[in-house]
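Input: a single structure, listed below in structure tokens.
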Amino acid sequence: MKQEFESLNVEEIKKDFPIFNRKINSKDIIYLDNGATTQKPKQVINEIKKYYEEYNANIHRGIYKLSEESTLEYEKAHDVVGRFINAKENEIIFTKGTTESLNLLAYSLSLDLQEGDEILISKMEHHSNLVPWQQICKQKNLKLKYIEITEDGLLDLDDLKNKLNEKVKIVSIAHVSNVLGTISPIEEIEKIVHDNNSLLILDAAQSVPHMKVDVKKLNCDFLAFSGHKMLGPTGIGVLYGKKELLNRMKPFIYGGDMVREVTYSETRFNELPWKFEAGTPNIVGGIGLGKAIEYLEKIGIDNIENHEKELIKYAYNKLREIKDIEIYGPNENLRSGLISFNIKGIHGHDIATILDEENICVRASHHCAMPLHKMFNVLGSVRISFYLYNTKDDVDKLLLSLERAIKIFRK
Amino acid sequence: MKQELKVDRDYVGEGIYRENILDHYKNVRNLGKIENADLEFHDLNPICGDEMTVSLNFDQDKVREVKVLPKGCAISTASASILSEELKGKNKKEIMKMKTEDIFKLLGIKLNSMRIKCALLPLSTVKKAICGVKNE
Ligand SMILES: Cc1ncc(COP(=O)(O)O)c(C=O)c1O
């Protein structure tokens with residue numbers, strides 16, 4: 001049965017985002033760098049303002065009304081996030097972002113590993129799902145191994161199977177690649193990884209904002225993502241973990257708010273999730289993220305995914321017609337809402353500068369994936385990434401500017 | 001309420017791709033690497049991953065020969081090419097004294113803060129070579 005989607009009323013949606021009122025040199029902003037961070041709707045901005053103007057107070061401390069309100073709102077945001085990805089109660093930990101979530105895991109999980117144990121990641125990870133593991137492996141004499149990528153930019157599942165053995169304790173991979181856009185088949189991978197009794201960690205920074213993610217269905221052990229990539233503020237992110245695993249793990253950061261009872265010689269830690277949220281957290285960030293998710297739910301995450309799919313199909317087919325363009329990653333059916341490419345003879349920076357003339361915002365660099373770009377034998381690439389407020393008109397403007405760039409450099 | 005924030009930029013975007021920039025980009029002068037050079041250094045711009053290798057031979061204190069091997073955008077490449085022509089005959093002290101404005105003058109364009117780093121990569125690589133910074 002074909003699923004029915006509501007098509008998005010982008011014109012109305014855009015009105016919620018004050019930044020699109022801005023003109024630079026009298027021209028609209030065409031924002032195509034949503035993989036890096038997203039714009040914020042007024043529902044989020046207003047709540048942040050309201051927090052500071054009406055109920056700013058530290059959480060879990062005061063008995064007074066203000067503190068009660070901020071505590072309730074901050075805690076409620078955990079529940080909103082939990083419901084969004086179908087987690088159980090107390091399985092949502094707020095961090096400052098995907099990077100911190102993954103560092104927390106690398107540190108805390110490695111405490112239980114023995115010398116010679118192995119960690120498996122893929123060759124298309126963001127630096128934040130590579131460097132923490134690489135460094136912890138050096139410190140603890142663990143072995144870091146990489147799953148190969150196929151020529152079409154997919155995770156090589158045969159290679160995954162080959163590299164698993166009883167020493168591999170952790171497999172940590174991107175749900176959606178921030179460079180190639182590849183959506184990895186987690187339900188299949190999960191079975192392979194769990195058959196080997198390894199833990200499965202998903203870097204979901206590029207998936208949770210763009211598609212329905214159900215942690216119970218995926219059956220991953222941990223999952224990390226960032227608020228700022230899904231209409232929320234910067235400085236807030238999420239670590240989901242299965243309760244029984246989180247209960248067994250040691251904290252990453254020690255201090256106030258994560259303790260039950262402290263004596264001069266011992267500390268008993270607080271219960272989940274506070275055990276992992278030491279110190280005064282990013283209260284307003286958490287509350288803002290809750291509002292961002294409520295906004296996404298109102299529009300419908302399935303509708304957003306469908307909207308992006310249409311844009312990708314449109315952009316992919318148009319871009320492919322450009323002479324000497326190289327598009328990285330799988331075909332449009334296996335990818336999420338982003339496309340990375342290079343046009344022969346024109347460096348990404350130069351393309352981005354020419355696009356910037358028309359206020360078209362794209363990313364042109366290695367996208368925090370230097371080894372992956374080396375693998376493709378390029379220094380970097382140009383990346384466009386969509387969200388709910390983008391339109392085919394944005395794509396058309398992009399194409400026009402790309403033509404200009406080509407004209408300038410090919411004359 | 002639609003507000004119009006006027007931002008005047010201090011550069012003309014496409015305007016930076018002038019004839020001379022594109023010419024140096026497409027035909028890099030002194031392209032390559034000197035075998036057994038007196039000084040050599042390889043550096044990269046961590047933001048974009050662009051790479052730059054310079055090698056220099058000296059007559060006493062003066063640059064006799066210079067070669068550049070840029071791998072990057074039009075701005076960093078053209079800057080390397082133009083700088084290589086400028087360096088011949090200069091002594092080390094003169095080179096160390098060269099500043100951002102000197103590069104702008106040589107290129108004949110203004111750049112925004114994100115692209116300045118591209119333009120400065122060749123000069124900073126040359127300076128590191130002269131200072132005796134060693135590649136690992
Ligand atoms: C796949 C992926 N993982 C991790 C990150 C890091 O996220 P953050 O910088 O918010 O910690 C990003 C964002 O750039 C990403 O795209």
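The values are calculated or read from the model by the stated rules, or taken from the named source; none is laboratory data. Keep in mind that what you see is a predicted model, and the values were worked out from it rather than measured. FYI the Cβ positions are ideal-geometry reconstructions off the backbone, even for glycines, and counts take in every protein chain you see. Surface accessibility is based on the protein's heavy atoms, side chains included, excluding ligands, DNA and RNA. Shrake-Rupley method; radii C 1.70, N 1.55, O 1.52, S 1.80 Å.
Would you mind checking A:169/A:374; A:163/A:229; A:167/A:191 for any pair whose Cα atoms are more than 22 angstrom apart? Before the final figure, lay out the partial values.
Numbers: A:169/A:374 28 Å; A:163/A:229 32 Å; A:167/A:191 17 Å.
From the list (A:169/A:374; A:163/A:229; A:167/A:191), the Cα-Cα distance tops 22 Å for A:169/A:374; A:163/A:229.
How far apart, in nm, are the 7 Å Cα→Cβ label points at residue A:214 and residue A:403?
Using points 7 Å along Cα→Cβ, the separation is 4.5 nm.
With just the Cα atoms defining each centre, how far is region A:194-272 from region B:20-99? Give it in Å.
49 Å
Can you list the residues of region B:37-70 that have at least 40 square angstrom less accessible area with all protein chains present than in their chain by itself, probe 1.4 Å?
B:48
For region A:371-410 and region A:292-311, what is the separation of their Cα centres, given in Å?
23 Å
Please name the residues of region A:7-40 whose accessible area, counted over protein heavy atoms with a 1.4 angstrom probe, falls by no less than 50 Å² between the chain alone and the full protein assembly.
For region A:7-40, once contacts with the other chains are taken into account, A:21, A:22, A:23, A:25 lose 50 Å² or more.
May I ask you to list the aspartates and glutamates whose Cα is less than 14 Å away from that of residue B:99, ignoring any residue fewer than eight positions away on the same chain?
Candidates past the 8-residue exclusion: B:86.
Tally up the carbon and sulfur contribution to the accessible surface of region A:325-400 as a whole percent, 1.4 Å probe, everything protein left in place.
Details: 1290 of 2440 Å².
Heavy-atom surface of region A:325-400 belonging to carbon and sulfur, 1.4 Å probe: 53 percent.
Give me the accessible area per residue for region B:9-131, probe 1.4 Å, as a whole number in Å².
Working: 5770 Å² over 123 residues.
Ligands and nucleic acids excluded, the result is 47 Å² per residue.
Would you rank A:7, A:198 by solvent-accessible area, highest first, keeping every protein chain in place and using a 1.4 Å probe?
In descending accessible area the options line up as A:7, A:198.
At 1.4 Å probe size, what's the solvent-accessible area of residue B:124? Round to the nearest 10 Å².
Accessible area, nearest 10 Å²: 40 Å².
Please find the FRET efficiency linking residue A:266 to residue A:127, where r is the Cβ-Cβ separation and R0 is fixed at 56 Å, and quote it to the nearest 0.05. Show your work: numbers first, answer last.
Details: r = 38 Å, r/R0 = 0.67.
With R0 = 56 Å, the Cβ-Cβ based efficiency is 0.90.
Compute the accessible area of each residue in region A:352-399 twice, once for its chain alone and once with every protein chain present, using a 1.4 Å probe on heavy atoms, and list those whose area falls by at least 30 Å².
Flagged in region A:352-399: A:353, A:356, A:357, A:366, A:370, A:379.
How far apart, in nm, are two points set 7 Å out from the Cα along the Cα-to-Cβ line at residue A:317 and at residue B:42?
4.5 nm
With the other protein chains left in place, how much accessible area per residue, in square angstrom, belongs to chain A at a 1.4 angstrom probe?
Numbers: 17900 Å² over 411 residues.
Heavy-atom accessible area per residue stands at 44 Å².
Using alpha-carbon positions, what is the distance between the centroids of region A:1-66 and region A:69-96, in Å?
19 Å
Could you pull out the pairs from A:27/A:397; A:14/A:50; A:123/A:309 whose alpha carbons sit more than 18 Å apart here?
Details: A:27/A:397 12 Å; A:14/A:50 22 Å; A:123/A:309 25 Å.
Beyond 18 Å: A:14/A:50; A:123/A:309.
What FRET efficiency comes out for the pair residue A:197/residue B:33, r = Cβ-Cβ distance, R0 = 45 Å, nearest 0.05? Before the final figure, lay out the partial values.
On the way: r = 51 Å, r/R0 = 1.14.
Plugging the Cβ-Cβ distance into 1/(1 + (r/R0)^6) gives 0.30.
Ranked from the most accessible area to the least, with a 1.4 Å probe and all protein chains present, what is the order of A:51, A:314?
Numbers: A:51 5, A:314 55 Å².
These residues rank, largest area first, as A:314, A:51.
Could you order A:133, A:274 so the one with the most accessible surface comes first? Probe is 1.4 Å.
On the way: A:133 0, A:274 30 Å².
Ranked list, largest accessible area first: A:274, A:133.
Just to verify a number: what accessible area does residue A:313 come out at with the full protein assembly present, 1.4 Å probe, Å² rounded to tens?
Near enough 110 Å² of accessible area.
Rounded to a whole number, what % of the accessible area of region A:114-248 do carbon and sulfur atoms account for, probe 1.4 Å? Let's see the in-between values first.
Numbers: 2170 of 4950 Å².
About 44 percent, which is the carbon plus sulfur part of the accessible surface.
For every helix of n ≥ 4 consecutive DSSP H residues, a contribution of -39,500 (n - 2.57) applies; sum these over chain B, divide by its total residues, and give [θ] at 222 nm rounded to the nearest 500 deg cm²/dmol. Before the final figure, lay out each step's value.
Details: 5 runs with 55 residues, N = 136.
It lands at -12000 deg cm²/dmol.
Keeping all protein chains in position, work out how much accessible area residue A:156 exposes to a 1.4 Å probe, and write it in Å² to the nearest 10.
Using a 1.4 Å probe on the heavy atoms, I get roughly 40 Å².
Quickly estimate the mean residue ellipticity at 222 nm for chain A, helices only: each DSSP H run with n ≥ 4 gives -39500 (n - 2.57), and the total goes over all residues, rounded to 500.
For chain A, the value works out to -11500 deg cm²/dmol.
Give the long-range amide H neighbours of residue B:39: residues separated by 5 or more places, or on another chain, with amide H under 5 Å away, using H modelled in the peptide plane at 1.01 Å from N.
So residue B:39 has HN proximity to B:56.
Using only the alpha carbons, work out the radius of gyration and Dmax of region A:97-234 in angstrom.
Spelled out, the Cα radius of gyration and Dmax of region A:97-234 are 14.1, 41 Å.
How many nm separate the modelled label positions at residue A:50 and residue A:27, each set 7 Å beyond the Cα in the direction of the Cβ?
According to this spin-label approximation, the distance is 3.8 nm.
Set the Förster radius R0 to 25 Å, insert the Cβ-Cβ distance between residue A:411 and residue B:71 as r into 1/(1 + (r/R0)^6), and round the FRET efficiency to 0.05. Write out the running numbers ahead of the final one.
Numbers: r = 23 Å, r/R0 = 0.92.
Between residue A:411 and residue B:71 the formula returns 0.60.
Only helices at least 15 Å long along their axis, Cα-based, and averaging 0.0 or more on Kyte-Doolittle count here, so list those DSSP H runs from chain A.
Values: long enough: A:65-84 (28 Å, -0.82); A:98-110 (18 Å, 0.38); A:283-299 (25 Å, 0.82); A:301-320 (28 Å, -1.18); A:392-410 (27 Å, -0.13).
Span-like helices in chain A: A:98-110, A:283-299.
Translational diffusion coefficient of region B:9-131 at 25 °C, 0.890 mPa s, Stokes-Einstein with Kirkwood Rh over Cα pairs, in µm²/s as a whole number.
Working: Rh = 14.3 Å.
Rounded, D is 171 µm²/s.
Dividing the convex hull volume of the alpha carbon atoms of the protein assembly as shown by its residue count, what do you get in Å³ per residue?
Spread over its residues, the Cα hull of the protein assembly as shown gives 193 Å³ apiece.
How big a patch of accessible area, both sides summed and in Å² to the nearest 100, lies buried between B and A at a 1.4 Å probe? Intermediate results must be reported in sequence, preceding the final value.
Details: alone 8490 and 19140 Å², together 25180 Å².
Roughly 2400 Å².
Can you list which of the DSSP-assigned H helices in chain B have a Cα extent of 24 Å or more along the long axis and an average Kyte-Doolittle score of at least -1.0? If you can, show how the numbers build up before the last one.
Values: long enough: B:113-131 (26 Å, 0.79).
The answer, listed by residue number, is B:113-131.
If contacts are Cα pairs under 8 angstrom and at least 6 residues apart, what is the relative contact order of chain A in percent? Numbers along the way, then the final one.
On the way: 768 pairs, mean separation 92.5, N = 411.
Dividing the mean separation by the residue count of chain A yields 22 percent.
Among A:200, A:331, A:31, flag the residue with its Cα farthest along the positive direction of the charge dipole of the protein assembly as shown, charges on Cβ as +1 for Lys/Arg and -1 for Asp/Glu.
A:31
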